[in-house]
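Step one of this worksheet: look at the structure below.
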Amino acid sequence: MEKEHFYGRLIIKSKLTTIEQKQFENVVDRLPTIINDQCQRCRQIVTGKIRLAGAEKYCIYCQQLGRISEDDELWTINEPNDFNMVKNWDWPGKLTKPQMQVVTEILSHNQKHLVWAVTGAGKTEILFPIIWQGLKQRKRIAIAAPRIDVINELFPRFKRVFPTVTMCAMHGAIKDQYAYTQIVVCTTHQLLKFKAAFDLIIVDEVDAYPLSGNQMLWSAINNACKNNGRQIWLSATPTTTLLKQVRQISYLPLRFHNFLLPECKITLVNRWQHNLKRGKLPAFLIKCLKNFTINGLPFLIFVPTIEDTQAVLQSINKYFPNLKVMAVHSRDIERINKILALRQAKIQGLVTTLILERGVTFPDIDVIVLGAEHSNFTVTSLLQIIGRVGRKLSRPSGEVYFLTNYYCLKLYQVKKLIKKINTKAQIMGGRKYEL
Ligand SMILES: [Zn+2]
């Protein structure tokens, strides 16, 4: 282990070897793990009801990142920003006028800033000049998001644009050794391992589970940020609570290609779950699948539960044995490979739970929500699902079907919101795309 591993980090003493402890004990700041019953890593209150065999208190909230008990220590060294000057970056793209406007707004002050950008507005691209500005000032930067899929999607994009900058990805499924890098792309959970490390923390999908309303993860973000550091939050569907927390907000209702968000079509499919148990698919869904076999376009079918993914997949296989479709959900260990298979056109469609509502981009995709009436689909998640469609210039729109047992208020709310966003986008020059 190198000294730089301690820069801006919280490392548990007992996880180091005896040799490492001897080597670093005089160069690190040694912090207590629990003060006044508060865990110094995740800031949760340690009640002490559950104790170790030696009766020591320990924190049950952050133990997935390595257990810390009261007889241990957290070792750290102040972040020194020990980075080489970055000379160049590599982004051949060009920002649109509305995107440029957001960049100017962000760079015009130093406070917390929320970017409220419609799905497909190109919010990652907006970050490139902001990050470049920070790198030139030798700043250490974290790009964090609540979910692993988003990290897997973002990391290679930043690596391409800043090829000479030291950069690492961190999330629960990566077992690689930690390296001290200027940019860290990580899940918000991983920020618990840092202390005053970053001059800039960008939090993508700031309204998404599990970050939304999670006090521990918000503490992690605030503790990982330096006292004079800055946070930029990104969201397509911010909650009112989030909107109240920031003074500086940029709103971007127009997608990067200047075409409007696709409108959703609502279709009644009576007793779909009852029929599905008998291996039957709704006639409208069969019609859509027939179209897919003809046009060859990729598709996502969202269903409310994990059980539904299997039942729908089995029925599709029965009706359309030649259609290459897979099912995916949060507990599926093959999920990354399945997403890749769709991206590489090895399969044509995925039957999925809400796990793919956000953060993933598939070109030319159409989406169907089967059981849109189900309480698992909220207004926010349905808006996110619509946002999967028309992300690329090759096909800047697509079909969105909500198949529902009955008409319900939220479906009309979604329709109304899309109309509102599109009206604002039209004022900025947005156009409707005819399929
Ligand atoms: Zn803790």
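Brief remarks on what is shown
- Within region 408-435, tally of residues that are touching a residue at least 24 places away in the same chain (Cβ under 8 Å) and under 18 Å from ASN376 (Cβ atoms): 5
- Selection of region 317-343 for residues being in a loop (DSSP other than H, G, I, E, B), in contact (Cβ under 8 Å) with a residue 12 or more places away in the chain and touching a strand residue (DSSP E or B) at 6+ places or on another chain (Cβ under 9 Å) yields LEU323, LYS324, HIS329.
- Residue ID - farthest from ASN81 (Cα to Cα), chosen from residues in region 2-12 that are part of a helix (DSSP H, G or I) and among the charged types (D, E, K, R): LYS3
- Among residues of region 63-78 being over 26 Å from the mean Cα position of the chain (by Cα) and within 27 Å of ASP199 (Cβ to Cβ), the one that is surrounded by the fewest Cβ atoms within 10 Å (Cβ to Cβ) is ASN78.
- Exclusive hit being more than 24 Å from GLY172 (Cα to Cα), without any contact (Cβ under 8 Å) to a residue 12 or more places away in the chain, away from the ligand (no atom under 16 Å from the Cβ) and under 26 Å from the mean Cα position of the chain (by Cα), set LYS97, LYS112: LYS97
Residues checked against (1) assigned to a strand (DSSP E or B); (2) in the same structural domain as MET216 (by TED's automatic domain parsing); (3) over 21 Å from ASN222 (Cβ atoms):
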{"residue": "SER14", "(1), (2), (3)": "no, no, yes"}
{"residue": "ILE19", "(1), (2), (3)": "no, no, yes"}
{"residue": "VAL27", "(1), (2), (3)": "no, no, yes"}
{"residue": "LEU31", "(1), (2), (3)": "yes, no, no"}
{"residue": "ARG43", "(1), (2), (3)": "no, no, no"}
{"residue": "GLY48", "(1), (2), (3)": "no, no, yes"}
{"residue": "ALA55", "(1), (2), (3)": "no, no, yes"}
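- The single residue among SER250, SER212, SER219 that is within 16 Å of the ligand (Cβ to nearest atom), surrounded by fewer than 22 Cβ atoms within 10 Å (Cβ to Cβ) and of a type in the set (Gly, Ala, Ser) turns out to be SER219.
- Within region 16-51, the only residue that satisfies the criterion of being among the aliphatic types (A, V, I, L, M), out of contact with any strand residue (DSSP E or B) (no Cβ under 8 Å at 6 or more places or on another chain) and within 14 Å of ASP72 (Cβ to Cβ) is ILE35.
- Residue satisfying all of: in region 42-59; of a type outside the set (Lys, Arg) and surrounded by fewer than 14 Cβ atoms within 10 Å (Cβ to Cβ); nearest to the ligand (Cβ to nearest atom) among these: ILE45
So that you can scan it fast, the table gives a plain yes or no per residue for (1) in a helix (DSSP H, G or I); (2) more than 18 Å from ILE355 (Cβ to Cβ); (3) among the hydrophobic types (A, V, I, L, M, F, W, C):
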{"residue": "LEU254", "(1), (2), (3)": "no, yes, yes"}
{"residue": "PRO262", "(1), (2), (3)": "no, yes, no"}
{"residue": "LYS287", "(1), (2), (3)": "yes, yes, no"}
{"residue": "LYS290", "(1), (2), (3)": "yes, yes, no"}
{"residue": "ILE294", "(1), (2), (3)": "yes, yes, yes"}
{"residue": "LEU297", "(1), (2), (3)": "no, yes, yes"}
{"residue": "LEU300", "(1), (2), (3)": "no, no, yes"}
{"residue": "VAL312", "(1), (2), (3)": "yes, no, yes"}
{"residue": "SER315", "(1), (2), (3)": "yes, yes, no"}
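The values are calculated or read from the model by the stated rules, or taken from the named source; none is laboratory data. Keep in mind that what you see is a predicted model, and the values were worked out from it rather than measured. Heads up, the Cβs are rebuilt from the backbone with ideal geometry, glycines too, and the neighbour counts pull from every protein chain shown.
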